[in-house]
1. When the dipole is taken about the Cα centre of the stretch 81-124, and only Lys, Arg (+1) and Asp, Glu (-1) are charged at their Cβ, what size is it in debye, to the nearest 20?
2. Taking the Cα centre of the stretch 253-317 as origin and charging only Cβ (+1 Lys, Arg; -1 Asp, Glu), how large is the dipole, in debye to the nearest 20?
3. Roughly how many nanometres apart are two label points built 7 Å out from the Cα toward the Cβ at Ala324 and Glu194?
4. Which value, to two decimals, describes the C-alpha radius of gyration of the stretch 209-301 once divided by 2.2 N^0.38 Å?
5. Just to be sure I understand the model, the point goes 7 Å from the Cα along the line to the Cβ. What's the resulting Asp275 to Ala287 distance in nm?
6. Would you pull out the residues with amide H under 5 Å of Val191's amide H, same chain only if 5 or more places away, H placed 1.01 Å from N?
7. Go ahead and run the numbers for FRET between Val153 and Ser223, Cβ-Cβ distance against an R0 of 35 Å, rounding to 0.05.
8. Once Rh for the stretch 162-229 is found with the Kirkwood sum over Cα pairs, what is the Stokes-Einstein diffusion coefficient at 37 °C and 0.692 mPa s, in µm²/s?
Amino acid sequence: MTPQPPENQDKDRSGGGDGDAAREERGAAAGPGAGQGAGPEAGARAGQGAGTGPGGGAAGGRWSDLERPPLNRTALRRALLRPGSLWTDIDVVPLTGSTNSDLAARAAGGLAEGAVLVAEEQSAARGRLDRRWSAPPRSGLFFSFYLTPRVPVERWGWLPLLAGVATASAVARTAGVDTALKWPNDLLVTVGEEERKAGGILAERAGDGVVVGIGLNVSLRASELPVPGAGSLALAGAGVTDRDPVLRAVLRSVEDWYGQWTAADGDAAACRLQDAYAAGCATLGRAVRAELPGDRELLGEAVAIDGDGRLVLATEEGMQRPVAAGDIVHLRPAPGA
């Protein structure tokens, strides 16, 4: 169900993966949201390149877990910062409260589009609806980036869905793991015969633009799962758990999709983003319960993603109701499971 990448995607390390989703438990509590939360930015930035001194964090040092090497800031900047690129700055910190909060604070004082902040560990991470979560240092990718779309503001709601499509296709190519999308912001993988949440996305208005945060469990082990329904690329049988190529692939994929979306003035249908999201969405075709603001709920079958990125439910009364925001609970197995 992984969305197909657009033309001229980056040529990162690739892998297959074709396991169809079998069952989805309630994704909202099953792993990371976007890894964003309140908290000041980590102070010292020394030792961000590979092998350049000790870092902070609960693990006691950058090399305390040899199976989880630190990211190399210098190599990432060399690979991704180039003339004409969307990405204008990449920073890697050993520990912070939240990469989303840090970038939002910078945006309030003026921040160039394309700034990326990556944390090896977060101490105050949260996802949608202020859900908190935690993960061991360097066990995943926890990062945010700042965008100032020059498209109508009413189309900015597509940004978290765009990030989901970009991440799912990048993970499939680099790690060989089939990744499905649960509307509106979850990344699902299959562990055994069970569909589990391995990541999430959170987009928040900041300054003149939007901060988009992504949290992705990469090497999280079964003994480290925050809840039984969580997953990771490693538990899903990933052929690659080196975070460096996965991060590069995700950022290049985001850049490609974002370029096509902005060139189409934010028209998700014209740039094929709407079709790509629908093709990879595990929510479509299922009976769901939408838990809406104000303690309301709506039952129906998820039948479409509309032009505004909303989930359309067909109710028992024969009506089609678009849902713009809410918590979605899958009520039956995926088609063909």
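1. So the dipole magnitude of the stretch 81-124 works out to roughly 140 debye.
2. Dipole size: approximately 160 debye.
3. Inter-label distance under the simple model: 3.6 nm.
4. 1.41
5. Reported label-point gap for Asp275 and Ala287 is 3.2 nm.
6. For Val191, whose amide H was placed from the backbone, the distant partners under 5 Å are Arg196.
7. Efficiency for this residue pair is about 0.20.
8. The calculation lands on 253 µm²/s.
Any read-out appearing in this document is the output of simple, stated calculations on the displayed coordinates, not a laboratory observation. In this text the structure is predicted, and so the values were computed from the model without any measurement. Positions of Cβ are generated from backbone atoms using ideal geometry, with glycine treated the same way; all protein chains shown enter the neighbour counts.
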